[in-house]
Amino acid sequence: MKSGIKILLNLTTGVLLLFLYNFIVLSQNVSVNNDQISTSDENSSNVIILEGAPEEKSPGEKTPGDNTKDKQNPTETNEITRFIAEELTGGTWVLSNTEIKKLNAMNITKWNAAGNELNAVCTWKDKIEIVHTVESGFKWQDPPKTMKPGEYLNLEAIYTNVDYSTTANLNTGIKMFFGRIGGDVKNPEPNSIEVLKLNKDYKQYNNEVKKGFFYAPKTLFDVSKMCQLVVDCYIGKDHYVTIYTYTYQP
């Protein structure tokens, strides 16, 4: 009899502990458009973490999905492995196409574009119905229509803070880089060429003009004889990407 009572008490204690654990975990989440966003306590205030600073993979580093991708595309992997990038001694990179992609992971940002000028409004409500708003302006210089391999050039970007009404750790900014055609447009790959990086957050979001200096690609990225210049404007996990495609002509 005593043994049965002891087992019953242990089961009751376990159920109560499980209930308390679930309650604590759920209380640390904020819902934005039905997506759960984790929060953390920073300086004794509840700060919503929508996205940390943009992460970039170091040369040779792999993400958990890289091995799967390799297995799914063995032909592509072997082709990249076999390709040897040799330095270009002549010819010209010619701008051949421009493409725009809106990659709204959280879908809480509205983009209003006019050529190379962009206004972005990101707004959401937290679980106690407080409205948060981040509004940013982006502008960037027209990229060159032609480039000689190894030519020393620069591009300018302008960030304008219109409104930053939130305590959330929300990154906003613009980055530019050259990479292989069809490569990741949100995170530069190891062989990418960085042109410019301008990042703001809830601690520092003043207006800024920044000029990036770079050498036009000196080698081909792959057998396609093409490359892309990516201009990525972002607020949190929402991105507005402009892709300029260059074709190498010997």
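Values in this text are rule-based calculations from the coordinates and carry no lab data. Values in this document were obtained by computation on a predicted structure and should not be read as measured data. Ideal geometry is used to build each Cβ from the backbone, glycine not excepted, and the neighbour counts take in all protein chains shown.
Sort 170-178, 140-148 for me by packing, meaning the mean count of neighbouring Cβ atoms within 10 Å per residue, highest on top. List each step's numbers first, then the result.
Details: 170-178: 23.7, 140-148: 16.2.
In decreasing order of mean packing, 170-178, 140-148 become 170-178, 140-148.
Packing-based ranking of 228-238, 86-96 yields 228-238, 86-96, ordered from highest to lowest mean Cβ neighbour count within 10 Å.
With R₀ set to 30 Å, the beta-carbon distance separating E208 from D184 gives a calculated FRET efficiency near 0.75. Along region 149-166 the Karplus relation, 6.51 cos²θ - 1.76 cosθ + 1.60 evaluated at θ = phi - 60°, assigns HN-Hα couplings of x, x, 5, 8, 9, 8, 9, 10, 10, 10, 10, 10, 8, 9, 7, 9, 9, 6 Hz to successive residues, with x for each Gly and Pro.
At a Förster distance of 25 Å, what's the computed FRET efficiency of T89 paired with E194, Cβ-Cβ distance as r, to 0.05?
After rounding, the FRET efficiency stands at 0.55.
Scaling against 2.2 N^0.38 Å puts the C-alpha radius of gyration of region 88-249 at 1.11.
Full extension of the segment from V223 to A114, taken as 0.36 nm per residue of separation minus the current Cα-Cα distance, would add 35.8 nm.
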